[in-house]
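The values are calculated or read from the model by the stated rules, or taken from the named source; none is laboratory data. Values in this document were obtained by computation on a predicted structure and should not be read as measured data. Reconstructed Cβ throughout: ideal geometry from the backbone, glycine too, with neighbour counts over all protein chains shown. Each accessible area value is taken on the protein alone, full model and side chains, heavy atoms only, with ligands, DNA and RNA left out. Shrake-Rupley method; radii C 1.70, N 1.55, O 1.52, S 1.80 Å.
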Amino acid sequence: MSTAQQVPDILSPEFAADPYPAYRVFRDSAPLLWHEATQSYIVSRYEDVERVFKDKQGQFTTDNYDWQIEPVHGKTILQLSGREHAVRRALVAPAFRGTDLQEKFLPVIERNSRELIDAFRHTGSADLVADYATRFPVNVIADMLGLDKADHARFHRWYTAVIAFLGNLSGDPEVAAAGERTRVEFAEYMLPIIRERRDRPGTDLLSALCAAEVDGVRMSDEDIKAFCSLLLAAGGETTDKAIAGIFANLLRHPDQLAAVREDRGLIPRAFAETLRFTPPVHMIMRQSAQEVELSGGTVPAGVTVTCLIGAANRDDRRYADPDRFDIFRDDLTTTTAFSAAADHLAFALGRHFCVGALLAKAEVEIGVGQLLDAMPDVRVAEGFEPTEQGVFTRGPDRLPVRFTPVSG
């Protein structure tokens, strides 16, 4: 097993500026690395991250979430296992697939996207991050839950604090305190609404969660609050960065942008390749339940394992020419890219595969399609070069574009 002296530090400014060269060093020279500052074993090769996520032998758990996410969300479905996890997932999953998604929420997605685009479609310019991507998924989730979209600024502040807490690898006490404050504030906001929805249910997702029952089990107010907190943070941050990432990648590759503009059926391909090439979440942690052999050595039982999704998704042992963005690549399967059978790792895999993957796909297909309709000749503002920010989650922080407004 390698030691930290030989490889770049994931907490360094150089790594934050561009982690991809460091990821190559990890994969080739230090596929299993003990990182003192985060007290975790770093895993970077595709085969190892895939194995940790799929975990067919019960070797890895989400027990680390007790300290990693419970302080900001409360106890969530991510921390459960076995039958308890299966029942909770069965309570929430129907809203994110099939009939409910098609009939109830596609109109919500279409309306929220259109409302945001209406604010800039006649101006010829926009910042796709500030004007659209950071607002769209949060507005959709608030609308789905039947919450007041006028509280958008509060939701955005909360999920930004939560994501900062989750990515607080250096242990900054102010970031930790802000995250924990968010849990209190969100509970004070949410619990009265949940109680009211139990008494007077509507047709929204929150009412459905209040009424859902599987095998005689219903969700408590605290369960629902924690799930809504998770939904706002995970569904907001990741889709936000995915949409910005798709446009940043396509704008750098005009031929592929032209192909997507011409054939909107390619949007899922562009999304899948963005999830591989520039995933919104770059690392997910698990905990070893027993001693496990991985590439480069042995992981002891009971330790944190940091899975570098951003590194694994560019592993040349798995993908041809992995540092090239190519929506037409033949070693990434679009038809399974938004399911637990995905062959990229951006949504994790196995029993903790992202429950909102199909919702994200619907948001991206609708959002990217409507944006291309409104901006048929979209181009990056002159002199601007899109850059990514972040370590735990990562994406463009600004994306100013220009376009000729569509008449009529």
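Under a 1.4 Å probe, what is the accessible area of the chain per residue, stated in Å²?
40 Å²
Say we join alpha carbon atoms closer than 10 Å with springs in a Gaussian network model of the chain; which of Ala233, Ala360, Ala130 then has the biggest fluctuation?
Ala130
Under a 10 Å cutoff between Cα atoms, tell me which one of Ala357, Ala248, Ala153 has the largest fluctuation in the Gaussian network model of the chain.
Ala153
Ignoring the sites themselves, what is the longest stretch of the chain with no trypsin sites (Lys or Arg not before Pro) in a DSSP loop and at most 13 other beta-carbon atoms within 10 Å?
Working: sites that count: Lys56, Arg317, Arg324.
Maximal segment without exposed cleavage sites: 57-316.
Step through the table entries Lys104/Lys225; Lys54/Lys104; Lys104/Lys149; Lys54/Lys225; Lys56/Lys361, compare each Cα-Cα distance with 24 Å, and write down the pairs that go over it.
Distance filter (> 24 Å) returns Lys54/Lys104; Lys54/Lys225; Lys56/Lys361.
With an 8 Å Cα cut-off and a minimum separation of 6 or more residues, compute the relative contact order for the chain in percent.
Value for the chain: 26 percent.
Quickly work out the Ala340-to-Glu262 label distance, labels modelled 7 Å from Cα along the C-beta direction, and quote it in nm with one decimal.
For Glu262 paired with Ala340, the spin-label model returns 3.9 nm.
Springs between alpha-carbon pairs under 10 angstrom, Gaussian network model over the chain: which of Phe165, Phe15, Phe347 fluctuates most?
Maximum fluctuation in the GNM of the chain, among the listed residues, is at Phe15.
Give me a comma-separated list of calculated 3J(HN,Hα) values for region 12-23, in order, Karplus coefficients 6.51, -1.76, 1.60 applied at θ = phi - 60°, integers in Hz, x for any Gly or Pro.
So the J values, rounded to whole Hz, are 7, x, 5, 5, 4, 5, 7, x, 5, x, 5, 4.
Which aspartates and glutamates have a Cα lying under 17 Å from the Cα of Lys241, excluding residues fewer than 8 positions away in the same chain?
Here the aspartates and glutamates satisfying the reach criterion relative to Lys241 are Asp18, Asp127, Asp131, Glu273, Glu363, Glu365, Glu385, Glu388, Asp397.
In whole angstrom, note down how far apart the Cα centers of region 212-250 and region 389-408 are.
Computed from Cα coordinates, the inter-centre distance equals 22 Å.
Where the accessible area of the chain is counted over protein heavy atoms with a 1.4 Å probe, how much of it, in %, is carbon and sulfur?
Whole-percent figure for carbon plus sulfur exposure: 50.
Glu188 to Asp28: FRET efficiency via 1/(1 + (r/R0)^6), r the Cβ-Cβ distance, R0 56 Å, to the nearest 0.05?
0.70
Quick one: order Val380, Val140 from most to least accessible surface, probe 1.4 Å. If you can, show how the numbers build up before the last one.
On the way: Val380 40, Val140 0 Å².
Most to least solvent-accessible, the answer reads Val380, Val140.
What list of ³J(HN,Hα) couplings, whole Hz, do you get for region 363-376 from phi and the Karplus terms 6.51, -1.76, 1.60, once you set θ to phi - 60° and write x for glycine and proline?
With the stated coefficients, region 363-376 comes to 4, 5, 4, 5, x, 5, x, 5, 5, 5, 5, 7, 10, x Hz.
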